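Below you'll find the structure, written out as structure tokens, and then a few comments.
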Amino acid sequence: ATMRKRKTTDSPRSSTDLTEGKEKLRLKQEVGLISGVSLIAGTMIGSGIFMSPEWVLHHMGSPASSLLIWAACGLLAMFGALSYAELGTIIKESGGEYIYILRIFGPFPAFLFAYTSVILVRPAGLAAVCLSFAEYAVAPFYPGCSSPQVVIKSTAAACILLLTVINCLNVRLATSVMNIFTAAKLLALLVIVVGGVVLLAKGQTQSFQNAFQNTTAGIGAVGVAFYQGLWSYDGWNNLNYVTEELKKPEVTLPRAVMIAIPLVTCLYLLVNVSYLAAMTPSELLSSGAVAVTWGDKVLGSWAWLISLSVALSTFGSSNGTFFSGGRVCYIAAREGHMPDILSMAHVRCLTPSPALMFTSAMSLIMVVSGSFTTIVNFFSFIAWFFYGMTISGLLYIKIKKPELPRSYKVPIIIPIIVLMAAVYLVLAPIIDQPQIEILYIVLFIFSGIILYFPLVHFKCHPRFLQRLTLHLQLFLEVAPTTRDAN
């Protein structure tokens, strides 16, 4: 078997090629190193570090073992991102896992990934982050009681609509929002870190005495603890979704990964130490929102700053999730795995606005339909299933296609470790604590077969869809795009 050849007739000329009498339309390369670091770090630092520590501690049972999980999650995210960086310098196309699975394994598994990601995973993840934002944003208006669900959901919906407008208007505007909010959330985490250093200097180290006592050893519990920790690191692969919009991707992609992920890992470890310095393990476990409890104990009357910081952090993270999630939909449509209208870009703004609007609509449905108390575990299950498939593709290329040009190579032991971790994270919770919801997820993934063969393989497209595409194209002012043949 060989890597599947791209089905395209696009010219490798620049966007000003007028040989066919018209200018070719493509997305601009406007994401530099700073914006790349902001996209990775800004998406990773969302609601997770403010919410997940208590759940990691709950599953692991002791402070020291929970810190080890946080460090291991950071190392795993780093290994995964370095592996993806090599893939990104071989296959210089946007789309992340989707485009890598398509080029290495072919259209059928790529369609299943796109179908699952576009319909379920990305919208659900965005909805969950926006709901977290809404809970923190409206909390100050309802002191002493829980916020009404209708207010939370309305605020989350407003957040999604605002993100849609920002991302549809201009790529530079979206990346500027990312940069500003990333700086704000880094500042908030630094406040927590400094507060923890002060507490430790005063001798508040009781949580670190007999730190391994009551550690849990079950493989299922460790797997679920990893899920909770990795939810906070989710976003390590986001830059691979926008490779075509990177300035000098062969340089920017590896550099941004090597800056962003160690930075986030160090911050997460220091923030967890700060939480444990301010609270005993039992207090941390009984806290509904760890960061807010920390603020009440350490900042006193300034505790409202933490709620504001979490709201800013989750808004910035949702912007990064939306920015990259819309690209998956856009690239899948460009390859013929989604309706044609989703592969088009606005003729003046040069943004994939139909794909962004579709992602927004699916996320709004998720927000309206219910809460997301179990989304983390099921999101992680699907994500690591496809991460494992993508990493196995990299191993195939490294062994069978060593001659393919790439500007960056990762030692083969690193993707092997990531693949072993992916297999563990997919199988451990199923073996230890099987849940019927996982069966539903697997059935949903393979339900894509029903759509793949008539619509993609045999190309049986109803004629009314072509007329609908034309009307939508005129209404939305969008046109088909091209790309460089890498």
| task | Any chance you could count how many residues in the stretch 142-169 are under 17 Å from residue 359 (Cβ atoms) and not β-branched (Val, Ile, Thr)? | result | 10
| query | Of these, 264, 194, 251, which one is without any contact (Cβ under 8 Å) to a residue 12 or more places away in the chain and part of a helix (DSSP H, G or I)? | reply | 194
| request: State all residues of the stretch 34-68 that are assigned to a loop (DSSP other than H, G, I, E, B) and over 27 Å from residue 210 (Cα atoms); if no residue qualifies, say none. | output: 45, 46, 47
| request: Please indicate, with yes or no, whether at least one residue in the stretch 93-101 is open to solvent by 10 Å² or more (accessible area, probe 1.4 Å) and either within 21 Å of residue 389 (Cβ to Cβ) or modelled with pLDDT under 85 (or both). | output: no
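Conditions (1) assigned to a helix (DSSP H, G or I); (2) without any contact (Cβ under 8 Å) to a residue 40 or more places away in the chain, marked per residue:
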residue	(1), (2)
99	yes, no
104	yes, no
113	yes, no
119	yes, no
123	yes, no
126	yes, no
138	yes, yes
147	no, yes
152	yes, yes
| In the stretch 309-320, is there at least one residue being over 14 Å from residue 47 (Cβ atoms) and in contact (Cβ under 8 Å) with a residue 40 or more places away in the chain? | no
| Within the stretch 154-163, which residues are free of Cβ contacts under 8 Å to residues at least 60 places away in the same chain and open to solvent by 50 Å² or more (accessible area, probe 1.4 Å)? | 154, 158, 162
| Search result, residues across the stretch 70-92 that are open to solvent by 10 Å² or more (accessible area, probe 1.4 Å) and either assigned to a helix (DSSP H, G or I) or acidic (Asp, Glu) (or both) | 71, 72, 75, 76, 78, 79, 82, 90
| Conditions: (1) modelled with pLDDT of 90 or more; (2) more than 17 Å from the chain's Cα centre (by Cα); (3) farther than 22 Å from residue 245 by Cα. Residue 139 meets all but one. Number of the miss? | (1)
| Can you name the residue in the stretch 231-240 that is part of a helix (DSSP H, G or I) and open to solvent by less than 10 Å² (accessible area, probe 1.4 Å) and, of all such residues, is nearest to residue 87 (Cα to Cα)? | 240
| query | What is the number of the single condition among (1) open to solvent by 30 Å² or more (accessible area, probe 1.4 Å); (2) farther than 20 Å from residue 448 by Cα; (3) out of contact with any Phe, Trp or Tyr (no Cβ under 8 Å at 6 or more places or on another chain) that residue 391 does not meet? | reply | (1)
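Per-residue answers, yes or no, for (1) of a type in the set (Phe, Trp, Tyr); (2) free of Cβ contacts under 8 Å to residues at least 40 places away in the same chain; (3) under 18 Å from residue 237 (Cβ atoms):
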{"site": "385", "(1), (2), (3)": "yes, no, yes"}
{"site": "392", "(1), (2), (3)": "no, yes, yes"}
{"site": "399", "(1), (2), (3)": "no, yes, no"}
{"site": "405", "(1), (2), (3)": "no, no, no"}
{"site": "411", "(1), (2), (3)": "no, yes, no"}
{"site": "428", "(1), (2), (3)": "no, no, no"}
{"site": "439", "(1), (2), (3)": "no, yes, no"}
{"site": "443", "(1), (2), (3)": "no, yes, no"}
| query | Among the residues of the stretch 293-307, which ones are touching a residue at least 40 places away in the same chain (Cβ under 8 Å), in a helix (DSSP H, G or I) and either in contact with an Asp or Glu (Cβ under 8 Å, 6 or more places away or on another chain) or not small (Gly, Ala, Ser) (or both)? | reply | 294, 298, 304, 305, 306
| Restricting attention to the stretch 423-440, which residues are more than 13 Å from residue 224 (Cα to Cα) and either modelled with pLDDT under 85 or buried (at least 17 other Cβ atoms within 10 Å of the Cβ) (or both)? | 436, 437, 438, 439, 440
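Identify, please: which residue in the stretch 319-333 is small (Gly, Ala, Ser) and at pLDDT below 85 and is, among those, farthest from the chain's Cα centre (by Cα)?
Here the answer is 326.
The values are calculated or read from the model by the stated rules, or taken from the named source; none is laboratory data. For clarity, every value in this text was computed on a predicted model and none was experimentally measured. So basically every Cβ, Gly included, is an ideal-geometry build from the backbone, and we count neighbours across all protein chains shown. Side chains included, ligands, DNA and RNA excluded: accessible areas come from the protein's heavy atoms. Shrake-Rupley method; radii C 1.70, N 1.55, O 1.52, S 1.80 Å.
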